[in-house]
Every structure is written in C-alpha cells, then in structure tokens.
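The values are calculated or read from the model by the stated rules, or taken from the named source; none is laboratory data. Bear in mind the structure is a predicted one, so any value in this text is a computation, not a measurement. Glycine gets a Cβ as well: all are built from the backbone with ideal geometry, and neighbour counts include every protein chain shown.
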Amino acid sequence: MKLTGKSFLTLLDYEPGDIRYLIESAKALKEKKHSGKRDELLRGKNLVMFFMKTSTCIRCAFEVAAYDEGAKVVDLTNSQAGVKESIADTAKLLGRMFDGIVYRGFKQKNLEHFAVNCGVPVYNALTDEYHPAQALADAFTIIENTNKNTNEIKVVYMGDARNNVANSLMIICAKLGMNYTAIAPKSLFPDEALSQAMKGEAIRNGGSITLTEDIGEVAGADAVYTDVWVSLGEEDKFEERIRLLNKYQVNEKIMEMTGNERAIFMHCLPAFHDRNTSVGREVYEKYGLKEMEVTDGVFTGKYSRVYDQAENCIHAVKAVLLATLI
C-alpha cells in the first residue's frame, strides 16, 4: 500500500483495499503487542496531539500506539490557535516541528483546512462529521468476532444515525461490502447525499445500506451498535433526544431479537448505562431514566465487546501511523 504521507481525515479518502490492508495490519500488530514484541518502527518521529474536545479512549489509543512504536508525543491542549493565531498559521508552524498531527475538533472543514496548510499527515481523532479511527477499530472488532465473509455480515446501528460515529461506521461498512442497517427516527437519518453515495459504494462492494425506523430490522444482526443520544456540544438537547430515541434503546429484548446467539454489542464510549456519572444522575433526576442508549445488562453482559473495541483502537491507530509515517 502506498500510503506514506497520506492524511487520515475521513474513510471516504481510502479505497476498500487500503482499509482491508489497515485491518490486517491491525490484527498483526495486536498479535505482536500481546506477544510482548516491540520493533519501535516510529523511533525518531514526533507527533503533536491538538485536541479541542475532550477524549479518553481515542486519545489514549493514539498516545499508546505512538509510544509502543518509539515515537514522542507532545500535548497541545492549550494553544494560540483561533485566538491570537489563525488555524492556518498554527498548522504551518506545527508542520515544521512535527512529523504528524493528531487533531480532534469541531467542523470537518476546519480539519481539512488544517491539513492543507501543515504539510505533514493529519489524523482525525473526531470531528462533528466523522470519526474514522473509531470506525477502523470497529470494523476490526466485528471481523475478529465472526467467521463470516464481510458480504455476509450484518451491522445494525441504533440511535442518532447521523452523528460522526454512525457516519463513519456506514462508510466503512460500504467500503468493505458489509450490510449496514441504521435504525433511527427519520429526523435522525444520515445526510441524504452521504447515504446515497454509500448505497452505491456498498453495492459495488457486495454489501447494502438500509435506513429504517423499524426496530424489527435488528433481526439477523451480527453486531448491534449504539452511541450516546447527545453528542459533545449538544448538551441542551437531552429532553428532545430522550423523546425521539427512547424506543431505540439497546436492551436485552433487542439483542434477543437478532436471533443470533453470536451477536455482539458495541459502543464507542463513554456510555450512559447506569447512574454512576454526573450526567447519568442528572438525567435520572430530571427525566426518571436510569439508563439511556443501552441497558446496564447489555453493556456489562455476554454480548458486550466494548472493551475489546476500545483496545482495538490502539492497534487500528498504530496501523494507520505505521502505514503513513514510514
């Protein structure tokens, strides 16, 4: 794969063969890490973490992936960007100092503007529109939990089907020829242009894209995926989303409706599956809801692969870094 120097902004920029290569690489890197072997192929490389939004899983995945391969990482949570210095100026400056930039922010167009100006690979650790690193780890997790060919795999996403996680999951399923079904209220269906483009992409690769409000379409799922009902920056929408999405909660009944004993549950984290967070307690006090997008029984039960998925972010990110930096 000739990916050296290529940014990782959205999976729309990557061909199916590129994605399959990255997943196979992630698999090999996971085996290597578990065996205790370290090659430090990124020794001498310097990365900067430019985060405008909070993060736990993806942030740690990028840092551990870099450290495992010998790279040095600098945290730039506080900077002059957008305050006393333009995004373009910051990008040019960082491009002179670092071999790669990990960016987590708001609008995708800002990320793309950053990448145009810096001259080194930029890695999307989440924008409002896309979350490609998460999706790569997700596809890896799905594949390692089934013995089916990708064209036989059915992935069901339930909830806000037009958020960044759902968009990237739909894209990677289309690229790999999986069968992707989004179950959501119509008002939360993905962007029409994106979904139509991915329907065409899925057909070309032997898969399918289905958008529906019918929870019965969870039947036959190999993986059931959900995400928080309210994303970063939308904290004023809890009441609206609870009303819209209450019937799309992933619970034991939903998992049983798959009819698949090997079906897995997935979530990109954090998850509101109990009242052990300040947000969870606040929602319970205001709306009487003990669990939101997933029940605690599913999140902690036999179907759950959420922590396998989280670990796989390390290996997926490492695959991307090695493919683009050496």
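Here no strands (runs of 3 or more DSSP E) wholly within segment 169-263 include at least 2 residues being polar (S, T, N, Q), in contact with a Pro (Cβ under 7 Å, 6 or more places away or on another chain) and under 30 Å from Thr56 (Cβ atoms). Checked against the criterion of being in a strand (DSSP E or B), assigned by TED's automatic domain parsing to the domain that holds Leu29 and under 20 Å from Glu112 (Cα atoms), segment 58-77 has no qualifying residue.
Between Lys186, Lys175, which is buried (at least 21 other Cβ atoms within 10 Å of the Cβ), of a type in the set (Lys, Arg) and not assigned by TED's automatic domain parsing to the domain that holds Gly105? Please lay out each step first, then the result.
Values: Lys186 fails: buried (at least 21 other Cβ atoms within 10 Å of the Cβ).
The unique qualifying residue is Lys175.
Condition first: of a type in the set (D, E, K, R) and touching a strand residue (DSSP E or B) at 6+ places or on another chain (Cβ under 6 Å). Now tell me which residues in segment 157-206 satisfy that. The one that is of a type in the set (D, E, K, R) and touching a strand residue (DSSP E or B) at 6+ places or on another chain (Cβ under 6 Å): Lys199. Of the set (1) free of Cβ contacts under 8 Å to residues at least 40 places away in the same chain; (2) crowded, with 19+ Cβ neighbours inside 10 Å; (3) closer than 25 Å to Ser55 by Cβ; (4) of a type outside the set (Phe, Trp, Tyr), all apply to Arg281 but (2). Note on segment 289-302: residues that are farther than 17 Å from Gly159 by Cα and either at pLDDT below 95 or part of a helix (DSSP H, G or I) (or both) total 1. Return yes or no: is Leu42 touching a helix residue (DSSP H, G or I) at 6+ places or on another chain (Cβ under 9 Å), in the same structural domain as Asp68 (by TED's automatic domain parsing), in contact (Cβ under 8 Å) with a residue 40 or more places away in the chain and in a loop (DSSP other than H, G, I, E, B)? The answer is yes for Leu42.
Can you report the number of residues in segment 216-239 which are at pLDDT 95 or above and either under 29 Å from Glu282 (Cα atoms) or of a type in the set (Ser, Thr, Tyr) (or both)?
Step one: filter segment 216-239 for residues at pLDDT 95 or above, giving 216-229.
Remaining after also requiring either under 29 Å from Glu282 (Cα atoms) or of a type in the set (Ser, Thr, Tyr) (or both): 224-229.
So the count comes out to 6.
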